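The values are calculated or read from the model by the stated rules, or taken from the named source; none is laboratory data. Model, not experiment: these values are computed from the prediction. No Cβ is skipped: glycine too gets one built from the backbone with ideal geometry, and neighbour counts run over all protein chains shown.
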Amino acid sequence: MLRFNSKGFRKTVLATALFASAGLAHSADLEVTVQNLTQGIYFTPILISAHSNDASLFELGETASVELQAMAEGGDISGLATATEALSANNIANPAEGLLGPAMSTTASVTTDEGNDVLSIVAMMLPTNDGFIGLDNWAIPEAPGTYTIYLNAYDAGTEANDEIRGSGAPGEAGLPVPPPLEDVVGNNGVGVTATVANDSVHIHPGNIGDDDATGGVSDVDNTVQRWLNPVAKVTVVVSE
């Protein structure tokens, strides 16, 4: 579950959410486009959530919730969707109807209820152990127009970035390798590390990879599946 403060809500300390707390209380019609900016990374099913600024899907420097862990390690957005829906969020789950490949985009329309004044977006990045794209509590503008946000890659801090094949189940080592990645992710890597260097949510250090598809330290291709931030572009059209 999402964590809450003594008044029953989880509060965020990010600047965007502080801006959101200025008292915006309006409904809006949004068109949200998420574009994958990477060369060789796939995004798992995306969760787009318009919700109250009293809640937050994740916070930098804090321990990931079990719902965030499930999304970041295995691409399962159902826990986060359920938790936000319990707070009357307006959600669009899996707009791409599966993985969103490199350079691809997906678009969804969202009508927000009054009080759902911030927008959050998450999706796991593949191949990574617990990396994800994240937009946290972006204040939805009252003025109609087109707005652009660039998203960084975050590390949930819940799993060592060993960069070797695994189940993707929360708490189990290894990165999931769905069919589109079978031919581009290697085998028999011995593991980059077995240690979690930072167990809170933080900016992802990036894949290290190697050029040995049948061994080496990593099963990640260092010529294809490395990245620099930002990793995603979000375009929000607010209608009149």
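Considering only the range 187-208, I want to know if a residue exists there that is surrounded by 16 or more Cβ atoms within 10 Å (Cβ to Cβ), modelled with pLDDT of 95 or more, in contact with a strand residue (DSSP E or B) (Cβ under 7 Å, 6 or more places away or on another chain) and over 22 Å from V122 (Cα atoms). Looking for residues that are surrounded by 16 or more Cβ atoms within 10 Å (Cβ to Cβ), modelled with pLDDT of 95 or more, in contact with a strand residue (DSSP E or B) (Cβ under 7 Å, 6 or more places away or on another chain) and over 22 Å from V122 (Cα atoms), one finds none in the range 187-208, hence no. The set of residues in the range 213-240 being surrounded by fewer than 20 Cβ atoms within 10 Å (Cβ to Cβ), polar (S, T, N, Q) and in a loop (DSSP other than H, G, I, E, B) consists of T214, N222, T223, N229, S239. Taking the criterion of being within 16 Å of the chain's Cα centre (by Cα), aliphatic (A, V, I, L, M) and crowded, with 19+ Cβ neighbours inside 10 Å, the residues of the range 93-112 that qualify are A96, L99, L100.
Out of all the residues in the range 131-145, which are touching a His at 6+ places or on another chain (Cβ under 9 Å) and within 17 Å of A232 (Cβ to Cβ)? Break it down stepwise before answering.
Here is the first cut: in the range 131-145, the ones touching a His at 6+ places or on another chain (Cβ under 9 Å) are 131-132, 137, 140, 142.
Result: G131, F132, N137.
In this structure, does S88 turn out to be within 20 Å of W138 (Cα to Cα) and without any contact (Cβ under 8 Å) to a residue 60 or more places away in the chain? Considered against the rule, which asks whether it is within 20 Å of W138 (Cα to Cα) and without any contact (Cβ under 8 Å) to a residue 60 or more places away in the chain, S88 comes out as yes.
Taking the criterion of being of a type outside the set (D, E) and either surrounded by fewer than 20 Cβ atoms within 10 Å (Cβ to Cβ) or closer than 18 Å to T193 by Cβ (or both), the residues of the range 137-153 that qualify are A139, P141, A143, P144, G145, T146, Y147, T148, I149, Y150, N152, A153. Of the residues in the range 131-151, at least one is within 21 Å of the chain's Cα centre (by Cα) and more than 30 Å from H26 (Cα to Cα).
For the range 57-91, the set of residues classified as assigned to a helix (DSSP H, G or I) and out of contact with any strand residue (DSSP E or B) (no Cβ under 9 Å at 6 or more places or on another chain) consists of V66, E67, Q69, A70, G79, T82, A83, listed by residue number. Count of the range 168-179 residues, restricted to those that are surrounded by 13 or more Cβ atoms within 10 Å (Cβ to Cβ), over 21 Å from L57 (Cβ atoms) and out of contact with any strand residue (DSSP E or B) (no Cβ under 6 Å at 6 or more places or on another chain), is 3. When the range 48-66 is filtered for residues that are surrounded by fewer than 23 Cβ atoms within 10 Å (Cβ to Cβ), modelled with pLDDT of 95 or more and of a type outside the set (S, T, N, Q), the ones remaining, listed by number, are E59, L60, G61, E62, V66.
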